[in-house]
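Worksheet: one structure, shown below.
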Amino acid sequence: MIPGLGRVVEPAGVLPQAAWRLDPSPEIKPDETRVRVERLNLDAASFRQLRDAHGDRVRDEVLRIVAERGKMHNPVTGSGGMLIGVVEEVGPDATVDVAPGDRIATLVSLTLTPLSITDGLAGWDGRSEQVPCAGHAILHGRTIAAVLPEDLDSRVALAVLDVCGAPALTARVVGGYTRPTVAVIGASGKSGSLSLAAAKGAGAARTIGVCPDGIEAARIVDLADEVVVADARDPLAMAGAGKADVTVVCVDVPGCEHAAILATADGGTVVFFSMATSFPAAALGAEGLAADVTLLIGNGYVPGHARMALDLVRATPGLRRLFDARVRAD
């Protein structure tokens, strides 16, 4: 049987990520692992949508989604996030390389992770992407997870591992060019700042960080060779920022597809890491603009991505300061 399929309640015949509802019951099957959940990390696009739509009642909405769907799967954005917790039980046929007592972060989306919350999210004020909670989650046979490092604050590690696919794929793409110019849209966020550092490490000749305002721009002055303040939803503003060989889109708002394409040189690549991206808008927009660019969807997994992202934070003082400040603000 395909791993995780036995947890699908409805509709029948789909994989867990596509399912409307999963079974989060705590009894594990031979290939499963149960985790005692300590904290969720909602992805940025989902958290923004929930906060904008529900305001002070965002906690109630998250509880409703999890109770209804057996997982944290935002029905508007289609995205979820990931979690940290302690391994409670490992089935005899489980392939996840963890043991009972390990404190881990899952490296797959909450949209395919059976989840039950038992504390009503009493410790969360609804103002942060990171959600302290009690409950359990079930990892199926092909789930990937990482044991949390001891040298980093767990909140920092959670924030880094939530987006660790972005810097890994950025480095892979940049490595396919000879000293390219790399632009990162949404450069002061988690995935954006990591992608800036990864691009430089992979051989970028010049990096450009695009931020919406001066406050955000000030946070990355020591990570990017150039910082541009522009609204990524404004194609004309982005077109005036120059052309990059590789453009990485990490914003958590919709409507940035055409601006990213206009900011990319012919023969270049646009990598979309935002769950707010409309992929039809990107594909049809590139066609309408006669833009000879490759459009990539960041799938969140590249071999070795967790270690690479954590090592970037360890080795890059400006990046470490940014993540430390982020968790303090939360």
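Of all the listed residues (121, 158), the sole one being among the hydrophobic types (A, V, I, L, M, F, W, C), outside the structural domain of residue 278 (by TED's automatic domain parsing) and part of a loop (DSSP other than H, G, I, E, B) is 121. Residues of the stretch 19-78 that are more than 21 Å from the chain's Cα centre (by Cα) and at positive phi: 55 alone. Figure legend. Inter-residue proximity from the stretch 14-39: first residues in the same structural domain as residue 77 (by TED's automatic domain parsing) and over 21 Å from residue 101 (Cβ atoms), second residues surrounded by fewer than 16 Cβ atoms within 10 Å (Cβ to Cβ) and charged (D, E, K, R), beta-carbon distance below 6 Å, spacing 6+ or different chains. Indicated pairs: 20/10; 21/10. Among the residues of the stretch 229-243, the one identified as surrounded by 22 or more Cβ atoms within 10 Å (Cβ to Cβ) and over 21 Å from residue 77 (Cα atoms) is 238. For the stretch 253-290, taking the residues that are surrounded by fewer than 24 Cβ atoms within 10 Å (Cβ to Cβ) and acidic (Asp, Glu), the one that is nearest to residue 174 (Cα to Cα) is identified as 266. Looking across the stretch 104-152, the residues that are of a type in the set (Asp, Glu) and surrounded by fewer than 21 Cβ atoms within 10 Å (Cβ to Cβ) come down to 119, 125, 150, 151.
In the stretch 177-191, the count of residues that are within 30 Å of residue 103 (Cβ to Cβ) and in a helix (DSSP H, G or I) is one or more.
Does residue 218 satisfy the criteria of being over 16 Å from residue 193 (Cβ atoms) and not basic (Lys, Arg)? Answer is no for this residue. Evaluate the stretch 161-184: report whether one residue or more is outside the structural domain of residue 229 (by TED's automatic domain parsing), farther than 16 Å from residue 250 by Cβ, charged (D, E, K, R) and more than 14 Å from the chain's Cα centre (by Cα). No: zero hits.
The values are calculated or read from the model by the stated rules, or taken from the named source; none is laboratory data. Model, not experiment: these values are computed from the prediction. Don't worry about glycine lacking a Cβ; one is built from the backbone with ideal geometry, like all the others, and counts go over all protein chains shown.
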